[in-house]
Amino acid sequence: MPLALLALAISAFGIGTTEFVMMGLLPNVADDLHTSIPTAGYLVSGYALGVVIGAPLLAALTTRMPRKALLLMLMGLFTVGNTLSALAPGFGWLLAGRIVAGLPHGAFFGAGAVVAAGMVDPARRARAVSLMIAGLTVANIVGVPAATLMGQHLGWRATFLTVGVIGLVAMASIALLVPRMPVAPGGGLRHELSAFRNGQVWLALATTIFGFAAVFTVYSYVTPLLTEVAGFGEGSVTIVLALFGVGATIGNLLGGRLADRAMRPALLGSLAALAVVLLLFTVTAHARWSAALTVVLLGIAAFAAGSPLMMLVMDKARHAPGLASAANQAAFNLANAGGAWLGGFVIARGFGYIAPAVAGAGLAVSGVAIAVGAGLLERRTGSASRVVAAGAVRPAPERVG
């Protein structure tokens, strides 16, 4: 695999760290800025809002920008957002910094997936994308716990300054390791929008929303589930969540390999496995050892679907995957928000902390149904399924000037 994938993974590591670290720093931020924890929770929502807005907007505005320059620009914006967060004089500025840091998230993973797929031969494209995503999953094992610990001992500002430094390291890595790739002929916003004329693209995005919402229906409330149902102490929850990161890393690499062999079967299998694991959680959540094991299995099943979902959208977008790939990142975040809402809804209705697992299993089954329906429709219309990404050829030297 090209060494350039390391640069993409470093970037993903920084993005994953800043996305999830706020959950662990909410009490520190609320205390320092003299606000309530529920109000500080808007800092989590602000980042997600930045992702949803930035993914399609930045992708649309940069359709003619060379990929390498685009990646550098996006990581520069990410660094600015985290630096602004670290230096924020008050809550409003911190919220603005979080939104700015979230803006490049989806566009980076969208462009990064196209670049990763374009640097390898067709038989290894999904694995290349999974290696980029590995930076995100490793962030949950190492980056988030370390950044949380740093914030608790040195202050939350030190955490965001450190993430800003990671952004600078990522930019240097991209500049040194990622080859220049020419802009695809005929590129532009109109060309990228043409991908959305294909109903299969919309079905792929719907599969992402329903399939991944299943994960966050449960994961958003996994801490009270582990403490109130499984009987873990609060100090042990961090270890169990790190196990989720281990499972996610395994599942991500496994999903990439399986998707290279047979993309749609890999997707269907991972979503079906996710539904089974979530239903299993309703039984295993009552004992600590079985609950911890199921958390690992949840990470494996969830992220085994990640690469197939990204490759499916790129496949259906065919010669204009850039904007569609970025839109898929927005779909992932809509899934996060929708899943969290559904999990909270069933808990608020008095069904208990296990109920989100049942609701999540239903969403996973819905994702399977959409994917199966899309496959049958594709077979009926006789369209071929193959990954064709703009720029998905071996990098050629970019003309200077």
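The values are calculated or read from the model by the stated rules, or taken from the named source; none is laboratory data. For clarity, every value in this text was computed on a predicted model and none was experimentally measured. Every residue, glycine among them, receives a Cβ derived from its backbone with ideal geometry; neighbour counts consider all protein chains shown. Quick note on the areas: whole protein, heavy atoms, side chains included, nothing else; ligands and nucleic acids left out. Shrake-Rupley method; radii C 1.70, N 1.55, O 1.52, S 1.80 Å.
Here the Debye sum runs over all C-alpha atoms of the chain as equal scatterers in vacuum, and log10 of I(q)/I(0) at q = 0.08 Å⁻¹ comes out as -0.39.
For the chain, a crude dipole built from +1 on the beta carbon of Lys and Arg and -1 on the beta carbon of Asp and Glu, taken about the Cα centre, is about 1340 debye to the nearest 20.
With θ taken as phi - 60° and the Karplus curve 6.51 cos²θ - 1.76 cosθ + 1.60 applied, the whole-hertz 3J(HN,Hα) list for region 237-243 is 4, 4, 5, 5, 5, 5, 5 Hz, x standing for glycine and proline. Placing unit charges on each Cβ (+1 for Lys and Arg, -1 for Asp and Glu) gives the chain a dipole about its Cα centre, and among Leu342, Ala324, Leu363 the Cα reaching farthest toward its positive end belongs to Ala324.
Here the peptides 338-345, 105-112, 363-370 are ranked by packing, the mean other Cβ count within 10 Å, and the order with the highest first is 105-112, 363-370, 338-345.
Structural descriptor for the chain: relative contact order 25 percent, calculated from alpha carbon pairs under 8 angstrom and at least 6 residues apart. On a per residue basis, the chain carries 40 Å² of accessible surface, using protein heavy atoms and a 1.4 Å probe.
In the distance distribution for region 44-104, Cα-Cα pairs more than 19 Å apart total 30 percent. Within the listed set Pro56, Pro104, Pro66, the Gaussian network model of the chain (springs between alpha-carbon atoms below 10 Å) gives the highest mean-square fluctuation for Pro66. Of the trypsin sites (Lys or Arg not before Pro) in region 194-262, not one is in a loop by DSSP (not H, G, I, E or B) with at most 16 other beta carbons within 10 Å.
The fraction of accessible area contributed by carbon and sulfur in the chain is 70 percent, rounded to a whole number (1.4 Å probe; ligands and nucleic acids excluded). Per-residue ellipticity at 222 nm, computed for the chain from helices alone with -39500 (n - 2.57) per DSSP H run of at least four residues, works out to -26000 deg cm²/dmol.
Taking Cα centre as origin and charging only the Cβ of basic (Lys, Arg, +1) and acidic (Asp, Glu, -1) residues, the dipole magnitude of region 201-349 rounds to 340 debye. Seen from Gly81, the other residues with C-beta closer than 12 Å to its C-beta sum to a net charge of 0, counting Lys and Arg as +1 and Asp and Glu as -1.
Of the residues Val169, Ala146, Ala242, the one whose Cα sits farthest towards the positive end of the charge dipole of the chain is Val169 (charges of +1 on Lys and Arg Cβ, -1 on Asp and Glu Cβ, taken about the Cα centre).
In terms of packing, defined here as the mean over residues of other Cβ atoms within 10 angstrom, the peptides 306-312, 30-36, 134-140 line up highest first as 306-312, 134-140, 30-36.
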